[in-house]
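The values are calculated or read from the model by the stated rules, or taken from the named source; none is laboratory data. Fair warning: this is a prediction, and the values are worked out from it, not measured in the lab. Here the Cβ positions follow ideal geometry from the backbone for every residue, glycine too, while neighbour counts run over all protein chains shown. The accessibility values were calculated without ligands, DNA or RNA, using every heavy atom of the protein model including side chains. Shrake-Rupley method; radii C 1.70, N 1.55, O 1.52, S 1.80 Å.
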Amino acid sequence: MTGASGALGGALARQSAVSGEALLLWGRDALRLAAVADDCRAAGALVQVRQLDLADTDAMLAALAADDGAWPIASALLVAGQGDAVPPGQDLEPPEQVARLANVNLGAPAALATALAGRMAARGQGRILLVGSAAGFHALPHAPAYAASKAGLARFAEALRLAVAPKGVQVTLVSPGFIDWAGGGRPIPRPLLIPLDVVARRILAAFAGGAGHAIIPRRFALLRLLDRLLPGPLRAAVLRRLNA
């Protein structure tokens, strides 16, 4: 699992930790990663950890080759990602932020999933989870790079699924809406928030059930449909309003 030191990754790791389960946890923050690992071990799981920043693509792929070679990965949850928006008082994101989000939210998970899928296909089985976002359904003026990176990941996941399904490899994309967790960023109306533990539970259920794409919660599928059906000028007005 990548992103195990983050809020969502940590919740998924803890909910996956059962007696005898073997977990390989990757995370960027060493202290938080260690705390998650301790909780998982307390639940009876067998845990290995690796502190790693996925912005370093070469190190990431080398780590994958080493870890999968020593302990073949049957199920991979690629959770790591970053969310950012246009800074207050500005009209656009800094270009460095755009490049970083494109790499961390799309480039890194896509490269990692491709490498994993190839190894799993050679073994004839495996499962990969990619964490997208409901933001990828919409052209968000306040977070264009984040929305674009998640939209690109969604298209990549679909293509990868089609490519490796005949080889026995399952690819699941989950697209959560607004998650309620400490330090969650922009203020979001309470009715639109979904508790972190609920999101994690539903993600694991979708993955276990072999879903191709799960939108969590389902009401965000209606927003996706509405975005598609609205006339262009009205859609633009609504999206600009979100940036107010």
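So what is the orientation-averaged projected area of segment 63-160, using the convex hull of its C-alpha atoms, in nm²?
Result: a mean projected hull area of 6.6 nm².
Considering only protein heavy atoms and a probe of 1.4 Å, how much of the accessible area of segment 96-180 is carbon and sulfur, as a whole percent?
Answer for segment 96-180 is 62 percent, counting heavy atoms of protein chains only.
Once the convex hull of the C-alpha atoms of segment 53-111 is built, how many Å³ does it hold per residue, rounded to a whole number?
It is 78 Å³ per residue.
Measuring from label point to label point, each 7 Å out along Cα→Cβ, what is the residue 19 to residue 46 span in nm?
Taking the simple label geometry, residue 19 and residue 46 are separated by 1.6 nm.
Expressed in whole Å with the largest first, what are the equivalent ellipsoid semi-axes of segment 3-142 derived from the C-alpha gyration tensor as the square root of 5 times each eigenvalue?
Gyration-tensor ellipsoid for segment 3-142: 28, 18, 14 Å.
Quick one: in the chain, what % of C-alpha pairs are over 27 Å apart?
Within the chain, distances greater than 27 Å cover 34 percent of Cα pairs.
Which of the DSSP-defined H helices in the chain satisfy a minimum axial length of 27 Å, computed from C-alpha atoms, and a minimum mean Kyte-Doolittle hydropathy of 0.5?
144-164
Express the accessible area of segment 21-99 per residue in Å², computed with a 1.4 Å probe while the remaining protein chains stay in the model.
54 Å²
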